[in-house]
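Single-structure report; data block below.
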Amino acid sequence: HNWQDYFDNTRNGVILCDISARALHYWSEDQSIYRLYPTSVPLSEELTRLGHTEVTDKVVAPTWRPTPSMLERNPDWPREIAGGDPGNPLGPLALYLSWPAYRIHGTHDTRKIGRRSSNGCIGLYNEHIRQLFELANVGTQVMLI
């Protein structure tokens, strides 16, 4: 992919998440840094959100709280898993997006990477979210295709 096909500019950096390829592309603002990471993607079309958004927050040790629809599908799930808990589905770091409840985050379950396995979020290996977390800023443009 070329960033020019999806963004007008690379101000604040850009992240392109390709759902069908299960890949995340990152370009820095000055385009000197390019990274490509394998991802997990949403389980189904109904859980998939496409379009433009942006990074609104960067959170270390995020607390995981299932959405009401997740609890409807999985009523036995816990209502919260604290950040730092080895079972936390968000892993050690998360980039929060302007869409409520959508994140780019690490995962404690590496079997999910490369698969349709999430409830809407984009998951990365923990070592990759650490790299992306350092590169991306609040305001980084994001597009899911």
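How far is helix 126-135 tilted off the main Cα axis of the chain, in degrees rounded to 10, range 0 to 90?
40 degrees
Between 80, 72, 45, which gets the highest mean-square fluctuation from a Gaussian network model of the chain, Cα cutoff 10 Å?
Looking only at 80, 72, 45, the biggest GNM fluctuation is shown by 72.
In the chain, what % of DSSP beta bridges are antiparallel (nearest 5)?
Numbers: 24 of 32 bridges.
Antiparallel: roughly 75 percent of the beta bridges in the chain.
Å³ per residue of the Cα convex hull, for the range 1-77?
Spelled out: Cα convex hull of the range 1-77, divided by residues, is 136 Å³.
Given charges of +1 on the Cβ of Lys and Arg and -1 on the Cβ of Asp and Glu, with all other atoms neutral, how large is the dipole of the chain about its Cα centre, in debye to the nearest 20? Kindly include the intermediate steps, with their values, before the conclusion.
Details: 14 positive and 16 negative charges, 66 e Å.
Using Cβ point charges on Lys, Arg, Asp and Glu, the chain gives about 320 debye.
Tell me, what % of the accessible area of the range 62-145 is carbon and sulfur with a 1.4 angstrom probe?
On the way: 2060 of 4100 Å².
C and S atoms contribute 50 percent here.
Compute a Gaussian network model of the chain, connecting alpha carbons closer than 10 Å, and tell me which residue from 59, 14, 41 fluctuates the most.
Its mean-square fluctuation being the largest, the pick is 59.
The values are calculated or read from the model by the stated rules, or taken from the named source; none is laboratory data. Just so it is clear, the structure is predicted and the values come from calculations on it, not from any experiment. Ideal geometry is used to build each Cβ from the backbone, glycine not excepted, and the neighbour counts take in all protein chains shown. For the accessible areas, the whole protein counts, side chains as well, though only heavy atoms, and no ligand, DNA or RNA atoms are used. Shrake-Rupley method; radii C 1.70, N 1.55, O 1.52, S 1.80 Å.
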